[in-house]
1. Name, by its number, the condition in (1) closer than 24 Å to residue 350 by Cα; (2) surrounded by fewer than 19 Cβ atoms within 10 Å (Cβ to Cβ); (3) in contact (Cβ under 8 Å) with a residue 12 or more places away in the chain that does not hold for residue 278.
2. Being in contact (Cβ under 8 Å) with a residue 12 or more places away in the chain and surrounded by 14 or more Cβ atoms within 10 Å (Cβ to Cβ) is the filter here, so list the residues in segment 116-143 that pass it.
3. In segment 320-332, what residues are without any contact (Cβ under 8 Å) to a residue 60 or more places away in the chain and part of a strand (DSSP E or B)?
4. Run residue 260 past the list (1) modelled with pLDDT of 90 or more; (2) out of contact with any helix residue (DSSP H, G or I) (no Cβ under 8 Å at 6 or more places or on another chain); (3) not in a helix (DSSP H, G or I) and report the number of the one that doesn't hold.
5. Kindly indicate the residue of segment 88-130 that is in contact with a helix residue (DSSP H, G or I) (Cβ under 8 Å, 6 or more places away or on another chain) and not in a helix (DSSP H, G or I) and also nearest to residue 166 (Cα to Cα) among those meeting that condition.
6. With the structure loaded, tell me whether residue 265 is farther than 17 Å from residue 345 by Cα and assigned to a helix (DSSP H, G or I) or whether it fails that test.
7. If you go through segment 371-388 one residue at a time, how many are free of Cβ contacts under 8 Å to residues at least 60 places away in the same chain and more than 21 Å from the chain's Cα centre (by Cα)?
8. Of the residues 339, 291, which is in contact (Cβ under 8 Å) with a residue 40 or more places away in the chain and either more than 27 Å from the chain's Cα centre (by Cα) or outside any strand (DSSP E or B) (or both)?
């Protein structure tokens with residue numbers, strides 16, 4: 001199983017290098033450690049050393065696994081070159097799709113079916129191996145019975161999880177999904193609220209190919225001179241370098257990206273944020289880099305949708321380029337706008353949320369901790385904690401020897 005570990009971890013590392021998905025990739029890597037047995041890391045923790053024939057068999061299995069991995073990567077490289085026609089010209093990589101939509105649909109159909117049968121074969125092999133070890137490794141009737149019983153129970157759970165996972169797995173190919181037994185759909189429906197299984201998804205369609213959409217918020221006191229609100233992390237000012245914040249994931253900046261993919265009608269929180277900016281609400285302003293209206297809030301506020309592109313290498317002092325004629329994201333709003341007030345009142349934002357009484361020492365303690373860490377850069381804080389955790393693990397490992 002350890003070769004699956006290397007494949008999944010390699011995928012997660014590639015994702016880590018190309019985007020920020022918070023702790024998603026790190027948590028996936030942690031789960032992958034369950035695929036490694038003691039002998040895979042060449043430090044047996046079991047009972048005694050293995051026999052010579054077992055070591056030879058392990059070496060053979062490892063060699064076969066490595067050969068299969070290299071073969072898979074070679075086939076992947078050949079087909080990538082064949083179907084995407086990669087070429088390099090003047091240091092720029094170009095590619096062109098060399099397959100049709102119908103051809104891709106046929107490939108997805110067969111790939112989905114094959115993946116299911118490969119998974120079934122692998123699952124049956126692991127269960128059979130576990131049952132065999134339960135009978136042969138343990139000594140004594142009680143230990144053997146307990147080991148076999150535990151294996152059967154866990155195998156039943158795994159089979160159930162595998163069955164209900166087929167529903168989200170086959171979403172990509174409805175014709176195969178329709179052939180699943182009806183009982184699997186009933187199981188999935190009965191456990192759907194528990195979120196036991198989900199389709200794996202980074203986004204199937206990534207933004208940024210035709211430019212990165214960004215919502216920019218402006219404030220003004222005369223509808224003529226508009227000042228831009230700068231967020232802590234997301235693109236805004238053209239001269240600002242994109243920060244590296246992983247694994248920290250700023251909530252507001254992350255939500256602003258989703259807002260740019262839709263409209264303000266589908267992002268009710270965005271309207272509330274604009275209203276709070278019209279009040280110079282400190283808790284909202286603390287989530288931004290600066291406040292262009294420090295003394296009194298603006299009379300007018302609006303949001304526009306820009307398309308951002310990275311600037312050319314020859315362009316200095318600017319990291320971004322954006323269009324000169326942005327789209328309107330929201331109309332110009334004022335604090336006394338009738339439609340805005342009606343909307344906020346309807347959603348119980350006005351005349352004001354109910355203030356709850358603090359919970360004594362617990363509340364004051366949490367506020368004290370927040371006051372201490374609030375001045376620390378969030379990305380640096382999360383990175384420091386992650387680094388200390390890694391150092392702690394390394395030191396614990398070294399102290400064992």
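The values are calculated or read from the model by the stated rules, or taken from the named source; none is laboratory data. Everything quoted here is computed from the prediction, not taken from an experiment. Using ideal geometry, Cβ is built from the backbone for each residue, glycine included, and neighbour counts are taken over all protein chains shown.
1. Unmet condition: (2).
2. 116, 119, 123, 127, 130, 131, 134
3. 327, 328, 331 - these are the residues of segment 320-332 that are without any contact (Cβ under 8 Å) to a residue 60 or more places away in the chain and part of a strand (DSSP E or B).
4. Failing condition for residue 260: (3).
5. 99
6. Numbers: farther than 17 Å from residue 345 by Cα: no; assigned to a helix (DSSP H, G or I): yes.
Answer is no for this residue.
7. First, the residues of segment 371-388 that are free of Cβ contacts under 8 Å to residues at least 60 places away in the same chain: 371-373, 375-377, 380, 384-385, 387-388.
With the extra rule that they be more than 21 Å from the chain's Cα centre (by Cα), the set shrinks to 371-373, 375-377, 388.
Counting residues in segment 371-388 that are free of Cβ contacts under 8 Å to residues at least 60 places away in the same chain and more than 21 Å from the chain's Cα centre (by Cα) gives 7.
8. Details: 339 fails: in contact (Cβ under 8 Å) with a residue 40 or more places away in the chain.
Answer to the selection: 291.
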